[in-house]
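The values are calculated or read from the model by the stated rules, or taken from the named source; none is laboratory data. Fair warning: this is a prediction, and the values are worked out from it, not measured in the lab. Here Cβ is always computed from backbone atoms with ideal geometry, including for glycine, and neighbour counts include all displayed protein chains.
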Amino acid sequence: MSRYVKPYGDTLDDGKVQLSFTLPIEWSEAADEAARRLVVAMGFGDVAIAEGRPISSGFSFFVAYASTPAAIDVAAIPSTARATNVLSMEDIDARIRERVGRKVRVAGACIGSDAHTVGIDAILNMKGYRGDYGLERYKEFEVFNLGSQVSIGRLARFVGDEAIDAVLVSQVVTQKGSDVRNFTALIELLEAEGIRDRLLLIAGGPRMTNLLANELGYDAGFGRGTLPSQVAAFIAERLSERASV
Amino acid sequence: MNLRIDSGLVDDARRLAVATVDPVSAFIERHSTVSVERAVLRLLGLGGAGADGVPYANRFVEALPPSLRARGAASALGALVAELGVGPVEIAAREAPLPLEAASRVSDAAARGALAPHVEEGLRRIDASRTERERLMMRFPQQPAPLLYVIVASGNIFEDRSAAIAAAEAGAQIVAVIRSTGQSLLDFVPEGTTTEGFGGTYATQANFALMREALDRVSERLGRYVMLTNYASGLCMPEIAVLAALERLDMLLNDSMYGILFRDINMQRTFVDQHFSRMLNARAGIVINTGEDNYLTTADAVEQAPAVLASQFINEEFARRAGLPDAQIGLGDAYEIDPNLEDGMLFAIAQAQLARQIFPNAPLKYMPPTKHMSGDIFKGHVIDALFNLTSVMTRQTIHLCGILTEGVHTPFLGDRALALENARYVMGTARHLGDEIEFKRGGIVERRANDVLRGAHALLEEVAERGLMASIEAGRFADVKRAPDGGRGFDGVFERDERYWNPFEEALYASLRAAS
């Protein structure tokens with residue numbers, strides 16, 4: 001059943017949004033009008049330029065409020081939730097012992113030129129994140145944190161040589177689409193090596209979503225605020241399913 | 001606004017830092033690295049690269065057999081100058097193999113004599129940059145600290161230039177050009193102006209010159225000197241220090257341990273490289289910015305506070321040994337406490353004020369929140385405002401403006417303008433707050449500061465006892481473990497033999513002795 005929604009200002013379906021942007025022109029009253037017309041050209045109605053001012057020579061900054069005529073059918077959006085239960089560290093360890101029957105080998109790496117290891121360290125390091133222990137603390141995970149700036153070739157070799165079960169790949173820098181290219185290149189390499197199918201491939205990073213990860217061909221994606229136990233539970237459940245097939 | 005802290009403990013922490021650095025200094029004195037040698041060559045005129053893109057300095061050092069390398073690249077170059085009767089530049093550009101065999105028969109005295117005018121010229125160029133900076137800063141005085149520092153990171157030096165000019169007009173006093181994320185691991189310095197990179201663009205001499213020229217023009221127009229910053233870190237630390245000195249950068253990010261812990265660069269390489277880099281920075285009048293903020297972004301900020309202070313003591317001691325006066329030692333800290341922690345701002349004030357009192361003459365570098373900045377730009381802007389307040393209250397010197405879109409994208413031009421406006425507003429409206437208030441005796445802030453000081457002292461005690469390299473190996477800093485012979489760049493470290501010669505080190509030590 002369809003359910004169309006619009007942004008909510010103070011009245012249902014008023015479609016109110018706030019926008020802010022910079023124009024590469026000197027500020028003047030005419031610049032405010034240019035900003036207003038720009039927002040109209042974007043398809044918005046009821047455009048009010050709440051603020052317009054110079055921010056440096058040749059650049060002006062604007063804050064606008066406007067109404068959008070667009071609406072979206074929220075019922076048509078595919079679910080982005082990963083079907084994982086909330087499990088404790090002990091439950092996860094127990095599940096792996098019972099259903100997988102051996103230690104699960106997990107490798108993590110920041111790929112490409114990315115040097116930001118905050119996310120992957122939060123998931124893997126014993127200490128964990130927000131009081132939730134990292135995967136190194138689990139009895140049934142054998143964790144290999146390869147650190148930052150790991151080339152895709154090196155990661156693929158490591159995964160093959162060390163009989164890794166699950167790979168956590170992280171990349172933060174989103175400049176000019178480098179992250180997407182690297183994520184895709186890794187999959188292609190693993191497929192070429194013939195080891196993609198036996199792996200759980202998990203993508204991470206502050207802008208990652210499960211939906212994007214699935215589109216890229218990964219088994220799951222985890223974004224900002226993810227707790228280690230969520231990743232651990234996903235690995236345990238998915239490998240349990242595979243073991244029982 | 002002064003905290004009552006145990007000054008005896010501060011003195012003892014400094015003593016422990018000396019004891020920690022002593023054995024590392026002894027190691028540094030016996031070693032050199034390929035990047036130190038390349039830095040020497042660049043100062044002797046071996047800038048630029050051949051037609052194949054390989055920098056002359058790299059090509060020359062790679063051509064040296066280990067026995068000649070152990071005497072220092074300057075020894076070999078001096079011998080070649082004496083033997084061939086041409087200058088360093090001609091030797092660098094020479095297509096034919098270098099007659100190293102013949103050169104090895106040249107006496108040390110003849111080699112050194114042949115190179116003497118080029119050594120003089122190298123020092124003269126560094127000194128000329130420094131004098132020029134002093135002249136410009138007299139003419140165009142900076143506004144009072146905290147000095148507002150912003151980053152430009154478009155990945156294209158020409159866009160970075162536009163962003164830097166706009167930022168200066170919006171109030172920025174220092175502009176840092178972020179490097180491409182991979183550059184710290186390159187064992188050479190790229191050439192020319194660059195328009196690509198991830199998360200920034202390359203540090204090259206041409207990029208430095210382009211930015212300096214643009215900022216000089218904007219400084220003149222605004223009537224205040226706008227500083228330029230880049231990164232002397234990674235495998236080419238000393239070479240970047242040379243290029244920065246020649247192109248009149250005013251600050252350099254330079255930490256004694258950052259590369260080891262966070263970039264897996266070999267610790268021996270890093271310790272040797274940071275020392276020579278800092279000697280050059282000292283002579284060039286460049287202010288270093290140390291990287292203690294990294295302890296806080298990678299681990300819990302409340303727990304890591306003592307590690308920050310301990311690292312500040314260690315960085316200070318390494319810097320002083322390289323001849324940096326306190327006024328050029330920009331020790332780092334960051335406002336990274338979890339916003340959900342009750343009284344978190346009080347903890348941040350405690351740490352910032354503690355550093356201010358312990359290092360009264362250091363131009364402290366205060367880094368903005370990053371770890372707890374979500375995509376909620378509205379909340380982020382508020383957190384940044386409290387960071388700005390903490391900075392002005394505790395009289396930090398170098399203030400890296402927090403940007404509301406931190407963690408979303410590299411800053412847009414408009415984001416930077418909003419960040420500068422936030423800082424200017426808060427620092428203007430609360431300019432003298434710190435002079436007007438006093439800390440409650442034995443209150444939360446004072447207790448926290450003393451806890452952090454005791455924790456740092458205990459950590460330094462342990463590190464001094466165990467040894468700095470062994471402590472890093474044991475994971476005592478940032479929970480990261482590194483082996484003394486592991487990491488990148490280890491193969492570029494070598495022992496000096498008794499005929500080793502580094503003419504710039506010699507000259508810099510001589511001027512240090514003359515000054516003291």
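Please tell me if residue B:35 is hydroxyl-bearing (Ser, Thr, Tyr), in contact with a Pro (Cβ under 6 Å, 6 or more places away or on another chain), in a helix (DSSP H, G or I) and buried (at least 18 other Cβ atoms within 10 Å of the Cβ).
On the way: hydroxyl-bearing (Ser, Thr, Tyr): yes; in contact with a Pro (Cβ under 6 Å, 6 or more places away or on another chain): yes; in a helix (DSSP H, G or I): yes; buried (at least 18 other Cβ atoms within 10 Å of the Cβ): yes.
Yes, satisfied.
Residues in region B:59-86 that are more than 22 Å from residue B:187 (Cα to Cα), surrounded by fewer than 18 Cβ atoms within 10 Å (Cβ to Cβ) and of a type in the set (Gly, Ala, Ser): B:85 only. Residues that are closer than 17 Å to residue B:251 by Cα and either touching a Pro at 6+ places or on another chain (Cβ under 6 Å) or in a loop (DSSP other than H, G, I, E, B) (or both) within region B:196-227 comprise B:202, B:203, B:204, B:224, B:225, B:226, listed in sequence order. Scanning region B:148-156 for residues that are surrounded by fewer than 22 Cβ atoms within 10 Å (Cβ to Cβ), over 22 Å from residue A:148 (Cα atoms) and more than 8 Å from chain A (Cβ to nearest Cβ) turns up at least one hit. Annotation for region B:416-424: at least one member residue is within 14 Å of chain A (Cβ to nearest Cβ) and closer than 24 Å to residue A:205 by Cβ. Among the residues of region B:53-100, those that are β-branched (Val, Ile, Thr) and under 20 Å from residue B:117 (Cα atoms) comprise B:81, B:86, B:89, B:91.
Per-residue answers, yes or no, for (1) touching a residue at least 24 places away in the same chain (Cβ under 8 Å); (2) surrounded by 16 or more Cβ atoms within 10 Å (Cβ to Cβ):
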position	(1), (2)
A:24	yes, no
A:29	no, no
A:32	yes, yes
A:39	yes, yes
A:43	yes, no
A:47	no, yes
A:53	yes, no
A:59	yes, yes
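Taking region B:421-516 as the region of interest, the helices (runs of 4 or more DSSP H) fully inside it that hold 2 or more residues being of a type in the set (Asp, Glu) and closer than 23 Å to residue B:355 by Cα are B:433-436, B:444-466. Restricting attention to region A:82-101, does a residue exist that is surrounded by 20 or more Cβ atoms within 10 Å (Cβ to Cβ) and within 14 Å of chain B (Cβ to nearest Cβ)? Within region A:82-101 (the criterion being surrounded by 20 or more Cβ atoms within 10 Å (Cβ to Cβ) and within 14 Å of chain B (Cβ to nearest Cβ)), the answer is no, since none of the residues qualifies.
Out of B:172, B:167, B:176, report the one residue that is more than 8 Å from chain A (Cβ to nearest Cβ) and closer than 18 Å to residue A:57 by Cβ.
On the way: B:167 fails: more than 8 Å from chain A (Cβ to nearest Cβ); B:176 fails: closer than 18 Å to residue A:57 by Cβ.
Residue meeting the stated conditions: B:172.
Rundown of residues vs (1) in contact (Cβ under 8 Å) with a residue 60 or more places away in the chain; (2) in a loop (DSSP other than H, G, I, E, B), yes/no style:
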{"position": "B:345", "(1), (2)": "no, no"}
{"position": "B:360", "(1), (2)": "no, yes"}
{"position": "B:366", "(1), (2)": "yes, no"}
{"position": "B:369", "(1), (2)": "no, yes"}
{"position": "B:378", "(1), (2)": "no, no"}
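Having 3 or more residues that are over 28 Å from residue B:154 (Cβ atoms) and either more than 14 Å from chain B (Cβ to nearest Cβ) or not charged (D, E, K, R) (or both) is the bar; report the strands (runs of 3 or more DSSP E) wholly within region A:134-244 that clear it. Spell out the reasoning first.
Details: elements: A:141-145, A:166-170, A:200-204, A:220-222.
The qualifying strands (runs of 3 or more DSSP E) are A:141-145, A:166-170, A:200-204.
Just to verify a result, which residue in region B:92-107, among those that are more than 26 Å from residue B:51 (Cα to Cα) and touching a helix residue (DSSP H, G or I) at 6+ places or on another chain (Cβ under 7 Å), is modelled with the highest pLDDT? Before the answer, list the steps.
First, pick out the residues of region B:92-107 that are more than 26 Å from residue B:51 (Cα to Cα): B:102, B:104-107.
From what's left, touching a helix residue (DSSP H, G or I) at 6+ places or on another chain (Cβ under 7 Å): B:102, B:104, B:106.
Details: B:102: 83, B:104: 85, B:106: 94.
Per the criteria, the residue is B:106.
Looking at this structure, is residue A:115 over 14 Å from residue A:231 (Cα atoms), at pLDDT 90 or above and either surrounded by 23 or more Cβ atoms within 10 Å (Cβ to Cβ) or within 21 Å of the chain's Cα centre (by Cα) (or both)? So residue A:115 fails the test.
Can you tell me which residue within region B:162-193, out of those that are of a type in the set (S, T, N, Q) and buried (at least 22 other Cβ atoms within 10 Å of the Cβ), is nearest to the chain's Cα centre (by Cα)? If we take residues in region B:162-193 being of a type in the set (S, T, N, Q) and buried (at least 22 other Cβ atoms within 10 Å of the Cβ), then B:184 is nearest to the chain's Cα centre (by Cα).
Checking each residue of region B:275-293 against the condition of being at pLDDT below 90, part of a helix (DSSP H, G or I) and among the aliphatic types (A, V, I, L, M) gives no match. Across region B:142-195, the qualifying residues are those that are among the charged types (D, E, K, R) and part of a loop (DSSP other than H, G, I, E, B), and the one among them that is nearest to residue B:266 (Cα to Cα) is B:187. For the condition under 28 Å from residue B:186 (Cα atoms) and among the β-branched types (Val, Ile, Thr), residue A:143 does not qualify.
Residues to consider are B:209, B:203, B:214; find the one that is surrounded by 24 or more Cβ atoms within 10 Å (Cβ to Cβ) and either within 20 Å of residue B:400 (Cβ to Cβ) or out of contact with any strand residue (DSSP E or B) (no Cβ under 8 Å at 6 or more places or on another chain) (or both).
Values: B:209 fails: surrounded by 24 or more Cβ atoms within 10 Å (Cβ to Cβ); B:214 fails: surrounded by 24 or more Cβ atoms within 10 Å (Cβ to Cβ).
Unique residue meeting the criteria: B:203.
Could you pull out the residue among A:223, A:194 that is touching a Pro at 6+ places or on another chain (Cβ under 7 Å), surrounded by fewer than 24 Cβ atoms within 10 Å (Cβ to Cβ) and not aliphatic (A, V, I, L, M)?
Just a single option satisfies the conditions, and that option is A:223.
Pick out the one residue from B:225, B:149 that is closer than 30 Å to residue B:431 by Cβ, touching a strand residue (DSSP E or B) at 6+ places or on another chain (Cβ under 8 Å) and of a type in the set (Phe, Trp, Tyr). Quick ask: steps written out before the conclusion?
On the way: B:225 fails: touching a strand residue (DSSP E or B) at 6+ places or on another chain (Cβ under 8 Å).
Just a single option satisfies the conditions, and that option is B:149.
Residue count for region B:363-393 under the criterion of being among the hydroxyl-bearing types (Ser, Thr, Tyr) and under 22 Å from residue B:253 (Cα atoms): the result is 3.
Okay, residues lined up against (1) closer than 17 Å to residue B:396 by Cα; (2) free of Cβ contacts under 8 Å to residues at least 12 places away in the same chain; (3) not hydrophobic (A, V, I, L, M, F, W, C):
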{"site": "B:264", "(1), (2), (3)": "no, no, yes"}
{"site": "B:307", "(1), (2), (3)": "no, no, no"}
{"site": "B:315", "(1), (2), (3)": "no, no, yes"}
{"site": "B:321", "(1), (2), (3)": "no, no, yes"}
{"site": "B:334", "(1), (2), (3)": "yes, no, no"}
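Cβ separations smaller than 8 Å between residues 6+ apart or across chains give the following pairs from region B:277-298 residues that are under 26 Å from residue B:502 (Cβ atoms) and away from chain A (no Cβ under 14 Å) to residues that are among the aromatic types (Phe, Trp, Tyr) and surrounded by 24 or more Cβ atoms within 10 Å (Cβ to Cβ): B:278/B:318; B:290/B:258. The condition of being out of contact with any helix residue (DSSP H, G or I) (no Cβ under 6 Å at 6 or more places or on another chain), at pLDDT below 90 and over 28 Å from residue B:409 (Cβ atoms) holds for only one of A:198, A:238, A:207, A:242, that being A:242. Just one of the listed residues (B:256, B:311) is outside any helix (DSSP H, G or I), more than 14 Å from chain A (Cβ to nearest Cβ) and surrounded by 24 or more Cβ atoms within 10 Å (Cβ to Cβ), namely B:256.
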